[in-house]
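Below is one structure, written out as structure tokens, with a few remarks after it.
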Amino acid sequence: MSQDPHFPEVHLRPPANWINDPNGLVHHNGWYHVFFQHNPQAPTHEQVHWGHYRSRDLLRWEPQPLALAPDFGHPDEDGCFSGNAVSHDGRITAFYSAHRVGHPWQPVAAADSDPDGRTFVKRPELLVPEAPLGVTTFRDPYVWRDGERWRMLVGAGCSDGDGAALAYTSPDLDTWTYEGALHRRADTAPADSGVRTGEAWECPQLAAYDDGRVLLLTSAWYQRTGPSHVVAWSGARDGDGFRFDGVTRFDHGPDFYAPALMRAPDGRWLLWGWSWEARDAMCAKEAGWAGVLTVPREITLGPDGKPHQAPARELAGLRTRTWRETCRTEPDTTTVLGDIGAAADVRVRLGFGADPAWGLRLVCGSGGTEYLDLEARDGALTVDRGHASGDARAHVGAYRMPLPELAPGGEVELRIILDHSIAEIFSGSGEALTVRFYPSVCEAWTLVSRGIARDAVEVSVDAHDLRIPDTGRA
Ligand code: FRU
């Protein structure tokens, strides 16, 4: 698999076959545990199990035995769909969606681990056997401790057309009482955002910050009219419940879905997402693998309550070769900044004159015909993958991420985590954009600064190649 030029080097995924959503992210007995939707037999979305890795440092990941597998005759016989996990009473308890082909919704099931969190035993009873009346889509439990009790959200679509995050409470993780919707909304684009919110909400995730503010993430699902994307609801505690008053798109790229949250022992909220393949399904069959988890991101809230995303600080431990360059890019000129490997972490700082615009071209290999283009202008960063793939079966398009800090005389910071066929791009103001592409050869990229404004731009770059320390992924 390592011969495959598109296979990621520092992003987490098993060597072969299918993966989708991250699941059950939890810190238990000194280890970070990442589970994920995984078909161990084929690069197709069927018979999904829970795959499992663990790490002490978020850098070196040890593969673990498959945590959950579909069982013939059980309500999960066609798939152990998504959910989360808690560390409680000296073990990990995983909550998941039991899938049977032909059932439009998935009851909530649970399994408990041994003390190390390596192997799991399913509970004989379903925790929530039925979806509430009027609910047509129902899956992806998210359980957390809230004061004296446990709470659970389940993603839902309702027969009246609303998407919803349904709420349950429990004193003991066994008996669950339905409390109605924590939040629901018709699939329209609220005027404050331009973001459609989905016919059904998948994978609800909630981060309750210590200052009383709250972030709810929902994955907007469409039967036919997609494409699906992730929605961030900003809110706060309100008595015993929550109120939400802001909504934004969470990641502005075309290839990011179903993210999951984890509370790190130091209180930080970390998040992994699923980046699907942006090429036709035959390519995944040929490659033998599909899907990748994003790097872990730290999620904080800005003064306006909106989420701010940045790569987890631990990723600095992946850096190897480093170079720095500063230059002034004049109008209508291009400057070669330097080369990076196929897995790299690049930070660019820009200082603008009266006309704030700038371009960065990441040219793959030596031919000069395959490249990813980034252009900052008019308050946004546009990422264009129209020329980034060598295979006509790869998706093309240009995607815009807001860059409100792009102003005359202003400064902008961008961070790019590149890994063979994925780029995660972050702005200093906390926006993110995830995109996939498939260059013919990808051993090295050349960074080219492009003067596209009427004024010169001061450019300063810190670039690092990335490698898993020691023996690589265990
Ligand atoms: C999101 C999702 C979940 C479901 C899982 C199945 O990508 O559709 O709603 O539980 O994937 O693999």
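The values are calculated or read from the model by the stated rules, or taken from the named source; none is laboratory data. Note that this is a predicted model, so its numbers are computed, not measured. All Cβ positions, glycine included, derive from the backbone under ideal geometry; neighbour counts span all protein chains shown. Accessible surface is based on the protein model in full, side chains and every heavy atom, while ligands, DNA and RNA are left aside. Shrake-Rupley method; radii C 1.70, N 1.55, O 1.52, S 1.80 Å.
Hey, could you check the stretch 9-51 for residues that are among the polar types (S, T, N, Q) and outside any loop (DSSP other than H, G, I, E, B) and say which is surrounded by the most Cβ atoms within 10 Å (Cβ to Cβ)?
Per the criteria, the residue is Asn23.
Has the stretch 277-296 got at least one residue that is away from the ligand (no atom under 16 Å from the Cβ), crowded, with 20+ Cβ neighbours inside 10 Å and under 11 Å from the mean Cα position of the chain (by Cα)? Yes, the conditions are met somewhere in the stretch 277-296. The single condition from (1) in contact with a Gly (Cβ under 8 Å, 6 or more places away or on another chain); (2) assigned to a strand (DSSP E or B) that Thr93 fails is (1). If only one of Asp76, Asp114, Asp89, Asp71 is within 15 Å of the ligand (Cβ to nearest atom) and of a type in the set (D, E, K, R), which one is it? The unique qualifying residue is Asp76. Where strands (runs of 3 or more DSSP E) fall wholly inside the stretch 227-266, the ranges with 2 or more residues that are away from the ligand (no atom under 16 Å from the Cβ) and at pLDDT below 95 are 241-249.
The residues of the stretch 107-130 that are open to solvent by 40 Å² or more (accessible area, probe 1.4 Å) and over 19 Å from Ala67 (Cα atoms), listed by number, are Pro129, Glu130. Checking each residue in the stretch 256-276 for being open to solvent by less than 30 Å² (accessible area, probe 1.4 Å), touching a strand residue (DSSP E or B) at 6+ places or on another chain (Cβ under 7 Å) and farther than 20 Å from Trp50 by Cβ picks out Phe256, Ala264, Trp269. Number of residues in the stretch 88-106 that are open to solvent by 10 Å² or more (accessible area, probe 1.4 Å), of a type outside the set (Val, Ile, Thr) and modelled with pLDDT of 95 or more equals 7.
In the stretch 356-441, counting only strands (runs of 3 or more DSSP E) that sit wholly within it, the ones holding 3 or more residues that are open to solvent by less than 30 Å² (accessible area, probe 1.4 Å) and touching a Gly at 6+ places or on another chain (Cβ under 7 Å) span 432-436. When residues of the stretch 9-60 are filtered for being among the charged types (D, E, K, R) and in contact with a His (Cβ under 8 Å, 6 or more places away or on another chain), how many remain? Looking only at that region, the number is 2. Being away from the ligand (no atom under 11 Å from the Cβ) and of a type in the set (Val, Ile, Thr) holds for only one residue in Val48, Val101, and it is Val101. Residues considered: Gly198, Gly241, Gly253. Of these, the only one that is open to solvent by 10 Å² or more (accessible area, probe 1.4 Å) and of a type in the set (Gly, Ala, Ser) is Gly241.
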